[in-house]
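Peer 1: Take this structure, written in structure tokens, and hold onto it; I'll ask about it next.
The values are calculated or read from the model by the stated rules, or taken from the named source; none is laboratory data. These numbers were taken from a predicted model, which means no experiment stands behind them. Quick reminder, even Gly has a Cβ in these numbers, built from the backbone with ideal geometry, and neighbours come from all protein chains shown. SASA here: full protein model, heavy atoms, side chains in, ligands and nucleic acids out. Shrake-Rupley method; radii C 1.70, N 1.55, O 1.52, S 1.80 Å.
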Amino acid sequence: MSKTNPGNFFEDFSIGQVIRHATPRTVTEGDVSLYTALYGSRFAVQSSDALAMALGYPQVPLDDMLVFHVVFGKTVPDISLNAVANLGYADCRFLAPVYPGDTLSATSKVIGLKENSNGATGVVYVRSTGTNQNDEVVLDYARWVMVRKRDVTAPAPDPVAPDLPTVVAPDMLGAACPPIELDGWDADLIGSPYRFGHYSRGERIDHVDGMTVEEAEHMIAARLYQNPAKVHFNQHTEAEGRFGKRIIYGGHVISLARALSFNGLGSAFHVAAINGGRHVAPLFAGGTVYCWSEIKETVVLDHRSDVGALRVVTTATCDVPCSEYPGKLDKGYADGVILELDYWVLMPR
Amino acid sequence: MSKTNPGNFFEDFSIGQVIRHATPRTVTEGDVSLYTALYGSRFAVQSSDALAMALGYPQVPLDDMLVFHVVFGKTVPDISLNAVANLGYADCRFLAPVYPGDTLSATSKVIGLKENSNGATGVVYVRSTGTNQNDEVVLDYARWVMVRKRDVTAPAPDPVAPDLPTVVAPDMLGAACPPIELDGWDADLIGSPYRFGHYSRGERIDHVDGMTVEEAEHMIAARLYQNPAKVHFNQHTEAEGRFGKRIIYGGHVISLARALSFNGLGSAFHVAAINGGRHVAPLFAGGTVYCWSEIKETVVLDHRSDVGALRVVTTATCDVPCSEYPGKLDKGYADGVILELDYWVLMPR
Amino acid sequence: MSKTNPGNFFEDFSIGQVIRHATPRTVTEGDVSLYTALYGSRFAVQSSDALAMALGYPQVPLDDMLVFHVVFGKTVPDISLNAVANLGYADCRFLAPVYPGDTLSATSKVIGLKENSNGATGVVYVRSTGTNQNDEVVLDYARWVMVRKRDVTAPAPDPVAPDLPTVVAPDMLGAACPPIELDGWDADLIGSPYRFGHYSRGERIDHVDGMTVEEAEHMIAARLYQNPAKVHFNQHTEAEGRFGKRIIYGGHVISLARALSFNGLGSAFHVAAINGGRHVAPLFAGGTVYCWSEIKETVVLDHRSDVGALRVVTTATCDVPCSEYPGKLDKGYADGVILELDYWVLMPR
């Protein structure tokens, strides 16, 4: 029998099954530097120990999306190696700050199964959890993928669809954000004079700048996250594939959009939750990513006097500037749209 | 009103104005590794804790040019986002060593203003200062850029031109260099048998080796420095621009030249000051950088018995080897010259 | 006289000569992150402090091949700058674990010399040793290269050929591996249910996955190792060379193959020794590396009850999947083969 990992097929999953993923990872200052070098993020709390400490952190926390990518990467060999499509994610909450030196592990529980009518594939819903070396949960999210069956004649399981929120409730936000000492908030160093109260529902922000992506960059990123999904790395097989080229890890687009969003959302120092995301189209090397954001809600948090929450939908495009806010149309999306991400950020009040 | 940063225009600057730049940065061992990986520098003092400590440093100091790039990067959003051209820099002095764990902040003061006769642009002179978390100044330099006016009808300010030295005076050198314990100087480990006394005024050194630059590399570098200048990153707009392609950050060329100069200047363990620099032509990805140096002065420092100072002019080229020392001509520069950098290095006596 | 390093020519070497190489290097967490980002290795012992500590390491050790590349890189300026060909290496043993913060130095001793019959070149055999800041030897290996003569009329030295083992003796293995606490071995986290006893002599494993290499990646790697061999970096001269393009450092292929071999050899947490290696053909950017392994021997170690040793021969290819185990033929190698590496790994019993 082969000793290589064939990945799990649809019939390998069962409701309630718990999978402990391989390759725990100690995240370090080296990972932080690479993350900065890959996206150029300028959010100051994640850049300066001195500033982070002035605000109440013990040191610079890791960028939230770096935590997401590391945990996500661990789930790939078990959950999505035979995935036909990543269908979505929901109820993603950051639950504890992560610091250099912490070791992240990941576990997934199967929470839904539904065979497709073609009998060849099915949808698997998992709840994945990232924990640190003290068994504190740092990240928790639901995700569903379409997975091939090994044997099309295998019987279909009873369909189970989990109940997932469209939007993370505001009273669930902020667990990964220590109490912020607002005296330490220095608008010059933060790079934005705008705080929670300056943003309004319905406000749209073109983040202006564009970033072109190279093959070496997205592969360096996905390997940093130890994400082994084959489509990102193998030009020899992808040349024969649907697109003729390597597909960039969707999380790379999210991190680019988050970094670009600094220009207009510079005070949004923490991503507290991701409500959902849609990778509308794949991104390929050579493409230039732009993005814009709409403020969907502004919520004063009952349990926090220091920070408020903005629900933001950021739309990223490829080779299309965002001064005209290209996005969802009655049918589909405007040309060039590659990502729609719905998430909560925290800002000082 | 838009919340994105439009940058400052010529009429936004006034003499004596002080700008505190955003995004302080804790520099780490991760940054050091990336810097090594981007340029391949082999200067041993910046490579080995054991050697650095034998010479009197408490640990490996950061490469001087890494410090420069981080501080410079912070000034870009406020000073040069609307720059038409980077005209020059002068009187750049390294004033304290920087170690992993230090947090760098940057401030600039406007020291000169001169509207151009076209009424559409003007020259802004600033003195920029990098400080660490203890408010010690680690770097100080003057820089002037040509900046667009927002409104061509805005009145011209009284012209003020700062008095800047052509060459940093030798007695100002060495503040960032601790007393060097010459017993710890090990020529084998340093990689060069030559010390201060072996170099002569007028001596020319072809650094022999060439380094080809890729798009991914210079973008990774500029993002590591959190330098958001648009021309480095956006192929979608640069394709329509003057050159049809992304322009490599000038500091990337400086760091390549400094790393290549190890072959011939291996004992020049510290850049003490930069007298001035001229980016004669832009560099683009795919180009191969070569360089050569001329020793302009050799100065025994009255205040230091351990080290002497060499004033070096390094000329970098693209796709032109330097065995014939291509450089300044009566009119302009020889074909292929991209950089002329005039600086002081320290060497053990 | 030029101050640049011309490298050593054949007649510069003499039997018994000891060369202390330049640029000692403190390896850090930054180097570890870059190594992960370049190869995507998922061996858990090198990824997680928590897991490494559960097994008896004080912290995550550096990947063995990273140690090799750093030590090897130091030898290049003195040993192989004028090399026509890297002919082979043997008897390579990892003798102590290396941790972030350690400073590595390298020394080589000339152990063999043999002028070629053409009188223009000769073979130089060296034994190279890497030591840490406490003068403990961490790595030791023999290597032989074909080096040009400076002067073809220089007299030939008496030929000396060192006696080198084809295979490192099993009782020499394991010095860099602390006693492993098998209670801490967690197959889920390791990512493989297979241990020493599951592997059989003659077993073949296709490692399935392929990795395409970009110019930026292999140059970043070689610079990280401070390996200044010109052929990796200079497209301007290589365009006129034998291949018309830059040649990828052979060690880059080894590290790619080692990382890919996780899929099938996930429990092989430590490379204890390299018996020999053959770079059958050069690799160029754009190529996709695949590999497969054959288990040559399975050896219970008399001196260790915790781990056993597998002698593995891994064959890497370019643009050829390995499901049919392409390798050595009666005459030469199958098309696409670029590397054959014979080495010992340790696995828990």
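Peer 1: Could you grab me the full set of residues in the range A:210-225 that are touching a Lys or Arg at 6+ places or on another chain (Cβ under 9 Å) and open to solvent by less than 30 Å² (accessible area, probe 1.4 Å)?
Peer 2: Here is the first cut: in the range A:210-225, the residues touching a Lys or Arg at 6+ places or on another chain (Cβ under 9 Å) are A:210-212, A:215, A:218-219, A:225.
A:G210, A:M211, A:T212, A:H218, A:M219, A:Y225, listed by residue number.
Peer 1: Further question on the same structure: Exactly one condition in (1) farther than 21 Å from A:Y89 by Cβ; (2) free of Cβ contacts under 8 Å to residues at least 40 places away in the same chain is not met by A:R195; state its number.
Peer 2: (2)
Peer 1: Determine whether the range B:300-312 contains at least one residue that is closer than 20 Å to B:D63 by Cα and of a type in the set (K, R).
Peer 2: yes
Peer 1: Output yes when any residue across the range B:64-82 is part of a strand (DSSP E or B) and open to solvent by 30 Å² or more (accessible area, probe 1.4 Å), and no when none is. Give the steps one after another, and end with the answer.
Peer 2: Within the range B:64-82, the first condition is being part of a strand (DSSP E or B), and the residues that meet it are none.
No, the range B:64-82 contains no residue that is part of a strand (DSSP E or B) and open to solvent by 30 Å² or more (accessible area, probe 1.4 Å).
Peer 1: Go through the range A:49-63 residue by residue and tally those that are outside any helix (DSSP H, G or I) and either buried (at least 24 other Cβ atoms within 10 Å of the Cβ) or at the interface with another protein chain (Cβ under 8 Å from one of its Cβ atoms) (or both).
Peer 2: Here is the first cut: in the range A:49-63, the residues outside any helix (DSSP H, G or I) are A:56-63.
Cutting the leftovers down to either buried (at least 24 other Cβ atoms within 10 Å of the Cβ) or at the interface with another protein chain (Cβ under 8 Å from one of its Cβ atoms) (or both) gives us A:60-61, A:63.
Qualifying residue count for the region: 3.
Peer 1: Moving on. Mind counting the residues in the range C:150-199 that are open to solvent by less than 40 Å² (accessible area, probe 1.4 Å), polar (S, T, N, Q) and out of contact with any Ser or Thr (no Cβ under 8 Å at 6 or more places or on another chain)?
Peer 2: 0
Peer 1: If you scan the range A:40-74, which residues turn out to be among the aliphatic types (A, V, I, L, M) and in contact with a Leu (Cβ under 7 Å, 6 or more places away or on another chain)?
Peer 2: Taking the range A:40-74 as the starting set, the residues that turn out to be among the aliphatic types (A, V, I, L, M) are A:44-45, A:50-55, A:60, A:62, A:65-67, A:70-71.
Of everything in the range A:40-74, those that are among the aliphatic types (A, V, I, L, M) and in contact with a Leu (Cβ under 7 Å, 6 or more places away or on another chain) turn out to be A:A44, A:V45, A:L51, A:V67, A:V70, A:V71.
Peer 1: Separate question: Are there any pairs, at least 6 apart or on different chains, whose C-beta atoms fall under 6 Å, with the first in the range B:147-160 and farther than 14 Å from B:N8 by Cβ and the second not in a loop (DSSP other than H, G, I, E, B), and if so, which?
Peer 2: B:A156/B:E115; B:P159/B:K114; B:V160/B:G112; B:V160/B:L113
Peer 1: Does the range A:330-349 hold any residues that are surrounded by 17 or more Cβ atoms within 10 Å (Cβ to Cβ) and small (G, A, S), and which are they?
Peer 2: First pass over the range A:330-349, keeping only residues surrounded by 17 or more Cβ atoms within 10 Å (Cβ to Cβ): A:333, A:336-348.
If the condition is that a residue be surrounded by 17 or more Cβ atoms within 10 Å (Cβ to Cβ) and small (G, A, S), then A:G336 is the only one that fits.
Peer 1: If you take the residues in the range A:117-149 that are charged (D, E, K, R) and under 17 Å from A:M65 (Cβ atoms), which one is most open to solvent (accessible area, probe 1.4 Å)? Quick ask: steps written out before the conclusion?
Peer 2: Step one: list which residues in the range A:117-149 are charged (D, E, K, R), which gives A:127, A:135-136, A:140, A:143, A:148-149.
Subset that is under 17 Å from A:M65 (Cβ atoms): A:140, A:143.
Values: A:D140: 21, A:R143: 6 Å².
Only one residue fits best here, namely A:D140.
Peer 1: Next question, about the same structure. Any residue in the range A:64-81 that's closer than 18 Å to A:P6 by Cβ: show its pairings with residues that are among the basic types (K, R) at Cβ separation under 7 Å, as long as the two are six or more apart or on different chains.
Peer 2: none
Peer 1: Taking into account only those residues within the range A:5-34 that are within 9 Å of another protein chain (Cβ to nearest Cβ), of a type outside the set (G, A, S) and not in a loop (DSSP other than H, G, I, E, B), which is most open to solvent (accessible area, probe 1.4 Å)?
Peer 2: Only one residue fits best here, namely A:R20.
Peer 1: Just give me the residues in the range A:275-298 being part of a strand (DSSP E or B), open to solvent by less than 10 Å² (accessible area, probe 1.4 Å) and touching a helix residue (DSSP H, G or I) at 6+ places or on another chain (Cβ under 8 Å), in sequence order.
Peer 2: Passing the criteria: A:T288, A:V289, A:Y290, A:C291, A:S293.
Peer 1: Is there any pair linking a residue in the range A:99-117 that is on the phi > 0 side of the Ramachandran plot to one that is buried (at least 19 other Cβ atoms within 10 Å of the Cβ), with Cβ under 8 Å and at least six apart or on different chains, and which?
Peer 2: Once the first residue is on the phi > 0 side of the Ramachandran plot and sits in the range A:99-117, its partners that are buried (at least 19 other Cβ atoms within 10 Å of the Cβ) give A:G101/A:T26; A:G101/A:V27; A:G101/A:T28; A:G101/C:D49.
Peer 1: Continuing with the same structure: Looking at (1) more than 20 Å from the chain's Cα centre (by Cα); (2) surrounded by 23 or more Cβ atoms within 10 Å (Cβ to Cβ); (3) under 30 Å from A:E324 (Cβ atoms); (4) of a type outside the set (V, I, T), which is the only condition A:G202 fails?
Peer 2: (2)
Peer 1: Give just the number: which of (1) closer than 19 Å to A:V70 by Cβ; (2) part of a loop (DSSP other than H, G, I, E, B) does A:T107 not satisfy?
Peer 2: Evaluating A:T107 over (1) closer than 19 Å to A:V70 by Cβ; (2) part of a loop (DSSP other than H, G, I, E, B) leaves (2) as the failure.
Peer 1: Report those helices (runs of 4 or more DSSP H) wholly inside the range C:153-270 carrying at least 1 residues which are closer than 30 Å to C:V124 by Cβ, within 13 Å of another protein chain (Cβ to nearest Cβ) and at pLDDT 95 or above. If you could, list the steps in order and put the result at the bottom.
Peer 2: Working: elements: C:187-190, C:215-224, C:235-238, C:250-260, C:262-265.
Output list reads C:215-224, C:235-238, C:250-260.
Peer 1: Taking B:Q46 as the residue in question, decide whether it is touching a residue at least 24 places away in the same chain (Cβ under 8 Å), surrounded by fewer than 19 Cβ atoms within 10 Å (Cβ to Cβ) and within 14 Å of chain C (Cβ to nearest Cβ). Steps first, please.
Peer 2: Details: touching a residue at least 24 places away in the same chain (Cβ under 8 Å): yes; surrounded by fewer than 19 Cβ atoms within 10 Å (Cβ to Cβ): no; within 14 Å of chain C (Cβ to nearest Cβ): yes.
Here the answer is no, as B:Q46 does not meet what is asked.
Peer 1: If you go through the range B:83-95 one residue at a time, how many are in a loop (DSSP other than H, G, I, E, B) and over 16 Å from the mean Cα position of the chain (by Cα)?
Peer 2: Pass one, the range B:83-95, residues in a loop (DSSP other than H, G, I, E, B): B:95.
Remaining after also requiring over 16 Å from the mean Cα position of the chain (by Cα): none.
Total meeting the criteria: 0.
Peer 1: Take the range B:299-329 and flag every residue that is more than 27 Å from B:I248 (Cα to Cα) and either in a loop (DSSP other than H, G, I, E, B) or open to solvent by 60 Å² or more (accessible area, probe 1.4 Å) (or both).
Peer 2: Scanning the range B:299-329 gives B:V300, B:L301, B:D302, B:H303, B:R304, B:S305, B:D306.
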